[in-house]
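> Sharing a structure below in structure tokens format, with a few things to ask.
A short reminder: the numbers here are calculations on the coordinates, not readings from a lab. Note that the structure is predicted; figures quoted are calculated from it, not measured. Every residue, glycine as well, gets a Cβ built from its backbone with ideal geometry; the counts of neighbours run over all protein chains shown.
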Amino acid sequence: MSKAKQQEFLELYEPIHDRFERFCKARVYGNMEFQDLVNETLLVAFDKFETLKSKKAFLAFLFGISIRILSNNNRKKKENYLQSEEKSHAIEDNSAKTQMDVEIHFLYKALGQLKEPQRESIILFEISGFSIKEIALLQGVSISAVKLRLKRGREKLMEIMTFESSFKRGEIHND
């Protein structure tokens, strides 16, 4: 491992660390540990660092790798789906949890209920701050397809979050 390669990699990674970590947390919620995805992605990215065409595209390079890793992981773990589902529904009963932590938990849980393309588009746009054009390039679809995914994803999120909120307040009865 050359020191120059390692140094260059770290110089590109440090400024985007927080955005990349937020993407991974939102993307894997309930399916695997986000830190595992971060670490595995960084290993692959460092290995394939020479294939990076533009330093400006480093974050997109990492996102692409993490999406492929997660896809492969999901394919391998289809039989463990029910266990993962139970994990995503478990809520820690911790009195020190702030209201924001609880809201984030329900948001990530709701994101997990969206279709894959919608979830990915929303995470890239709303959480990671990518433009619609960048998302279209990452996902290999048209700009209008990304806009439609965002629109439908937001509508579905609102529906899920409104239902859960109403259910918690007792407005909807579980008969």
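> What distance in nm separates the two pseudo spin-label positions at PHE163 and ASP101, each 7 Å out from Cα along the beta-carbon direction?
2.8
> With the cut-off at 30 Å, tell me which of the pairs LYS133/LYS156; LYS25/LYS56; LYS5/LYS151; LYS53/LYS147; LYS48/LYS109 have Cα atoms farther apart than that. Write down the numbers at each step before the final one.
On the way: LYS133/LYS156 22 Å; LYS25/LYS56 23 Å; LYS5/LYS151 41 Å; LYS53/LYS147 27 Å; LYS48/LYS109 33 Å.
With Cα atoms farther than 30 Å apart: LYS5/LYS151; LYS48/LYS109.
> Any chance you could run the full-extension gain for GLU155 through GLU126? It's 0.36 nm times the residue separation minus the Cα-Cα distance, nm to one decimal.
Working: separation 29, 0.36 × 29 = 10.44 nm, distance 1.40 nm.
Contour length minus Cα-Cα distance gives 9.0 nm.
> LYS3 to ASP36: FRET efficiency via 1/(1 + (r/R0)^6), r the Cβ-Cβ distance, R0 30 Å, to the nearest 0.05?
So, using R0 = 30 Å, E works out to roughly 0.65.
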